[in-house]
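These notes concern the structure reproduced below.
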Amino acid sequence: MESVMFSCSFTMQGSTRRTGIMTDVHRRFLQLLMTHGVLEEWDVKRLQKHCYKVHDCNAPVEKLEDFINNINSVLESLYIEIKKGVTEDDGRPIYALVNLATTPISKMASDFAENELDLFRKAKEGEFTLHTRAILEMEQHIRETYPDAVKMCNICHSLLIQGQSCETCGIRMHSPCVAKYFKSNAEPRCPNCNDYWPHEIPEVFDPDKEREAGLSKSNRKSLRSRQH
């Protein structure tokens, strides 16, 4: 089942985003991201390096956050943004190009039909989870449409669709937030009521370990192919 996500914005609240300049590197990156739809952070960094290699191999690769902020500053007037989210089940960083506007005209640009929007009403009732891009694109809609039913994470204060909850006071936390909050804690207790936390504490996502495992798997496949 596809993991849902909680999102984080690149631009701090109250700050003014400076309009950037799109080069061929930025344009190719945006075009390829549109083609893929959703990418993990590791793949986004590889994509960025590829675009520099194709169009400007001598230029230093810009810090990813600044690179994407530059693109977002140009997309801002279109109510479109490259948004970063984190999967609720294992804390995996994900990027997606999403439509943020909620005006009647902008809703026509969304990929979601009315019957699909009905799935959000069912998701908030806990019947099933949501696709990663869906939660990124529809977070504002969910907040505005179901303000009394929206569940928030007690740690990061982002929208929560699935996670763990305290059996005493009822607060909820994303699994990655649980992992980080209770890391190296032999006797985890609720941050709100201090009662014992009864759930299994998940592992914190480690991108370096994930890459090593991926490279090891790739090497094993390569070895088997040479043997046959």
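The values are calculated or read from the model by the stated rules, or taken from the named source; none is laboratory data. Remember, it's a predicted structure, so these values are computed and weren't measured experimentally. Counting neighbours? That spans all protein chains shown, and the Cβs are built from the backbone with ideal geometry, glycine included. Areas reflect the complete protein model, heavy atoms only, side chains present, ligands, DNA and RNA absent. Shrake-Rupley method; radii C 1.70, N 1.55, O 1.52, S 1.80 Å.
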- Within region 150-211, trypsin sites (Lys or Arg not before Pro) in DSSP loop having at most 14 other beta-carbon neighbours inside 10 Å: LYS183
- Note on the structure: Per DSSP, the loop-located GluC sites (Glu not before Pro) within region 134-193 having at most 13 other beta carbons within 10 Å are GLU167
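Decide, for region 142-192, between rounded, prolate and oblate: order the square roots of the alpha carbon gyration tensor eigenvalues as a ≥ b ≥ c, take rounded if a/c falls under 1.5, and otherwise choose prolate if a/b is larger than b/c, else oblate. Don't skip to the answer; put the middle values down first.
Working: a/c = 3.18, a/b = 2.01, b/c = 1.58.
Taking the square roots of the gyration eigenvalues as a ≥ b ≥ c, region 142-192 is prolate.
Got a number for carbon plus sulfur as a percent of region 45-103's accessible area, 1.4 Å probe? List each step's numbers first, then the result.
On the way: 1470 of 2880 Å².
Exposed carbon and sulfur together represent 51 percent of the surface.
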